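The block underneath contains the structure these notes are about, expressed in structure tokens.
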Amino acid sequence: MKLRKTFKKWVLLEETHWRQLSKELWLKEGDKNTWFFHRMANAHWRNNSLDRIKINGVELAEEQEVREGIVNAFQHQLLEEPGWRAGIEGLQPSTSKPQ
């Protein structure tokens with residue numbers, strides 16, 4: 001058990017070390033409108049982009065198709081009449097008395 005705690009502590013320290021190094025590099029290189037900034041921004045954009053999606057078994061790849069497919073899926077989901085709803089009729093509220 002003690003060995004496991006020690007191991008977790010060292011893993012956490014190593015993660016913290018690498019996180020601090022990356023922040024230091026960003027502070028030094030990242031906010032000067034440099035190649036580093038643009039490279040990082042483009043990497044984030046690539047990770048956050050949505051090129052295609054499959055909705056109800058249909059794969060959509062064109063940008064306009066993807067947009068419309070997402071909007072239609074959410075509209076369908078939100079406008080769908082629920083079959084069952086929780087109700088509070090018949091519940092007896094209980095109150096606690098001061099002791």
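Odds and ends about this structure:
- Taken together, the residues in region 45-99 that are surrounded by 10 or more Cβ atoms within 10 Å (Cβ to Cβ) and either among the aromatic types (Phe, Trp, Tyr) or in a helix (DSSP H, G or I) (or both) amount to 13.
- Lys32 passes every criterion in (1) in a helix (DSSP H, G or I); (2) modelled with pLDDT under 85 apart from (1).
The values are calculated or read from the model by the stated rules, or taken from the named source; none is laboratory data. All values reported here derive from a predicted model rather than from experimental measurement. No Cβ is skipped: glycine too gets one built from the backbone with ideal geometry, and neighbour counts run over all protein chains shown.
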